[in-house]
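K.L.:
Sending over a structure as structure tokens; questions will come in a sec.
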Amino acid sequence: MTIWWLVALAVTLVLVSILAFRLHPFLSLLSAALLVATLTTPGQLQQFADARLEDGKFTQAEAAEFVTQSASSRVADAFGATAGSIGIVIALASVIGGLLMQSGAAARIVDTMLRWTGEQRAPEAMAAASFVLGIPVFFDTVFYLMLPLARSLRRKTGKNYVLFILAILAGGSITHSLIPPTPGPLQVAAFLEVEVGAMLIAGLGIGSVTSVMALIAARVINRLVDLPLREEEGKETRSGTQTLASVSGDAEAGATKPPLWMALFPIALPVALIAMGSTLKSIGVSETTAEAAWFEWLIQLGDKNLALGLGCVVAFGLMRWVPVDQRRPMVSAAIASAGSIILITSAGGAMGKTLYHAGIAEVIGSVAKGFPGLWLLPLAFVVTTAIRTIQGSATIAMITSASILQSLALSGDLPFHPVYLAMAIGAGSKPISWMTDSAFWIIKEMTGMTEQEALRTISPMSAAVGLSALLVTVIAAAVFPAI
């Protein structure tokens, strides 16, 4: 069976099983991986093994063993390799996020930014706070935390409810697709063989500029759409009462939160360590120098698992602000949530790897030759956007797109660093949020929007975020290709 038929069958199976049969994404992706592995012909496997022999990634014995492996064994190996690459990071990030939320540290960050900027610049403060919190915390949780602020500010100002809502998306949504340790960027980095540190540095830079541009789009949409504040029983308190208390100036509630430096430290420490390790690794050092041992030790500190582990240790200092009876359930819930994400991401990795074994790299490489230079970035954007718009999940869109496009990064022929391809895939995972996207329904229900209002606000905002990220990525790749 040709590779394009395999790709079509895999993508169709994932879309139909999720959209039509409401199957869990883990089962959908794993089924697609098994289907591709089963239908891959011995000739395709032999071609893959021969190519790996030529580039030195396989020994003769490994190539022979690979060709004779069963389909299920290849899927299991790919699943395990993906889980080993991203599992610890996702679990640790989930625990850090849970501690930030339950201890009030996340609310402290938001309160402080609002106090620094004042009411007039509240949208900027909300976007900045959402951006920072979106690094270790999943977007839906960030939205739950921030929405009470948007509602309270709307009551106080009597206007700009749409702007306050979209400011949360401008900051928190883009981190979900560009910045590790969220699952999508981690898996894209693994597929494209991009250092997590490089992914982090590029994501922070491109994501921050994108947030500023997206906030401009939010102001335009706010002028075109007027959304009243509709009171919905139980919706507001669901996101947490601490933030509401802080907005109203409750000093006693503020005193129960950790200081700002403690709130930021669990986020800043792993980010700084990973960035440092990546930078030092790119600089390199001669083994004959006296500083080589120290240099290597500092690079080890930048390992993603160790850096997140140290961040998690620091985050446990926030436990004193978590009620004793909530500590164990909070950690258990965070790890359980991470487990589901790890399973989905690993199944997506297995599907991508089976397509890679079938020869997708060579085929895409030949197609990409018709897209010179920077046009490869819009190509990656369009492929990811199509998958995202059809099935809704940004993470699944990124994993699927990266599995199809990974040969572009691995070929060594890109006129820019592969991290820009990863950024373009992340940008493409933003448009278009609509009926197929679970986040679309979360935002709609929590804010009290009608479906028409949601389509007029959330959908164009997601497109603005994605296009802004693509534009920034293309400019960055043109000005600083980093090769």
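K.L.:
Taking the dipole about the Cα centre of the chain, with the C-beta of Lys and Arg at +1 and of Asp and Glu at -1, give me whichever of V95, L301, I443 is farthest to the positive side.
P.N.:
I443
K.L.:
A further question follows. Suppose every K and R has +1 on its Cβ and every D and E has -1 on its Cβ; what is the size of the dipole of the chain about the Cα centre, in Debye to the nearest 20? Let's see the in-between values first.
P.N.:
Values: 29 positive and 30 negative charges, 257 e Å.
So the dipole magnitude of the chain works out to roughly 1240 debye.
K.L.:
Could you tell me how many degrees, from 0 to 90 and to the nearest 10, lie between the Cα long axis of helix 418-428 and the main elongation axis, the longest principal axis, of the Cα atoms of the chain?
P.N.:
Helix 418-428 sits at roughly 50 degrees to that axis.
K.L.:
Based on the mean of other beta carbon atoms within 10 Å per residue, what is the order of 220-226, 45-51, most packed first? Write down the numbers at each step before the final one.
P.N.:
Working: 220-226: 14.4, 45-51: 16.9.
Those peptides, ordered most packed to least, come out 45-51, 220-226.
K.L.:
Also: Could you state how much accessible area L23 has, in square angstrom rounded to the nearest 10, with a 1.4 Å probe and all protein chains kept in place?
P.N.:
Roll a 1.4 Å probe over it and L23 shows about 60 Å².
K.L.:
For the chain, report the accessible area per residue in Å² (1.4 Å probe, heavy atoms, rounded to an integer). If you can, show how the numbers build up before the last one.
P.N.:
Values: 19960 Å² over 483 residues.
Result: 41 Å² of accessible area for each residue.
K.L.:
Got the relative contact order for the chain handy, in percent, Cα pairs under 8 Å and 6 or more residues apart?
P.N.:
Relative contact order for the chain comes out at 23 percent.
K.L.:
At a Förster distance of 45 Å, what's the computed FRET efficiency of L23 paired with W375, Cβ-Cβ distance as r, to 0.05? Numbers along the way, then the final one.
P.N.:
Working: r = 36 Å, r/R0 = 0.80.
For L23 and W375, the calculated efficiency is 0.80.
K.L.:
State the percent of C-alpha pairs, over all pairs in segment 72-211, separated by a distance greater than 18 angstrom. Numbers along the way, then the final one.
P.N.:
Numbers: 5623 of 9730 pairs.
When every Cα pair of segment 72-211 is considered, 58 percent fall beyond 18 Å.
K.L.:
Quick one: length gained pulling E193 to D226 fully straight, 0.36 nm per residue minus the C-alpha distance?
P.N.:
Contour length minus Cα-Cα distance gives 7.4 nm.
K.L.:
Would you mind calculating the gained length between T256 and I483 on full extension (0.36 nm times residue separation, minus the Cα-Cα distance), in nm to one decimal? Please report the intermediate quantities before stating the final value.
P.N.:
Details: separation 227, 0.36 × 227 = 81.72 nm, distance 4.92 nm.
Extending this stretch completely gives an extra 76.8 nm.
K.L.:
Here's a follow-up. Just subtract the alpha-carbon distance of I390 and D77 from 0.36 nm times their residue separation and send over the number in nm, one decimal.
P.N.:
Working: separation 313, 0.36 × 313 = 112.68 nm, distance 2.92 nm.
That pair, I390 and D77, stretches by 109.8 nm at full extension.
K.L.:
Further question: Can you give the Kirkwood hydrodynamic radius for the chain, in Å, rounded to one decimal and based on Cα pairs?
P.N.:
Numbers: mean 1/r = 0.0431 Å⁻¹.
About 23.2 Å, per the Kirkwood formula over Cα pairs.
K.L.:
Can you send over the solvent-accessible area of R327, 1.4 Å probe, protein chains only, in Å² to the nearest 10?
P.N.:
For R327, solvent-accessible area is about 80 Å².
K.L.:
For segment 90-131, rounded, prolate or oblate, judged on the Cα gyration tensor with a ≥ b ≥ c (square roots of eigenvalues), a/c < 1.5 rounded, else prolate if a/b > b/c?
P.N.:
Numbers: a/c = 4.94, a/b = 2.30, b/c = 2.15.
Taking the square roots of the gyration eigenvalues as a ≥ b ≥ c, segment 90-131 is prolate.
K.L.:
Please report, in whole Å³, the volume per residue of the convex hull around the C-alpha atoms of segment 14-81. Spell out each step's value before the answer.
P.N.:
Values: hull volume 6.3 nm³, N = 68.
Each residue corresponds to 93 Å³ of Cα convex hull volume.
K.L.:
How many percent of the alpha carbon pairs in segment 1-155 exceed a separation of 26 Å? Please list the in-between numbers first.
P.N.:
Numbers: 6435 of 11935 pairs.
Cα-Cα pairs of segment 1-155 separated by over 26 Å account for 54 percent.
K.L.:
Still on this structure, I have one more. Please give the helix 71-103 orientation as an angle from the longest Cα principal axis of the chain, in degrees from 0 to 90, rounded to the nearest 10.
P.N.:
20
K.L.:
In addition: Given the -39500 (n - 2.57) contribution per DSSP H run of 4+ residues, what per-residue ellipticity at 222 nm results for the chain, rounded to the nearest 500 deg cm²/dmol? Mind showing how you got there, number by number?
P.N.:
Values: 23 runs with 373 residues, N = 483.
One gets -25500 deg cm²/dmol as the mean residue ellipticity at 222 nm.
K.L.:
For helix 304-315, what angle does its Cα long axis make with the longest principal axis of the chain, in degrees from 0 to 90 and rounded to 10?
P.N.:
Result, in degrees: 20.
K.L.:
When the convex hull of the Cα atoms of segment 140-224 is projected onto a plane and the area is averaged over all directions, what value comes out in nm²?
P.N.:
Working: hull surface 23.9 nm².
Result: a mean projected hull area of 6.0 nm².
K.L.:
Would you mind telling me the share, in percent, of accessible area of segment 44-150 contributed by carbon and sulfur at probe 1.4 angstrom?
P.N.:
Working: 2260 of 4070 Å².
Summing carbon and sulfur atoms, their accessible area is 56 percent of the total for segment 44-150.
K.L.:
Please report, in cubic angstrom per residue, the volume enclosed by the convex hull of the alpha-carbon atoms of segment 318-467.
P.N.:
Working: hull volume 22.5 nm³, N = 150.
Per residue, the Cα convex hull of segment 318-467 comes to 150 Å³.
The values are calculated or read from the model by the stated rules, or taken from the named source; none is laboratory data. Just so it is clear, the model here is predicted, and its values are computed rather than measured. Neighbour counts are summed over all protein chains in view; Cβ atoms, including those assigned to glycine, are modelled from backbone coordinates with ideal geometry. Protein only, heavy atoms only, side chains kept; ligands, DNA and RNA dropped before computing areas. Shrake-Rupley method; radii C 1.70, N 1.55, O 1.52, S 1.80 Å.
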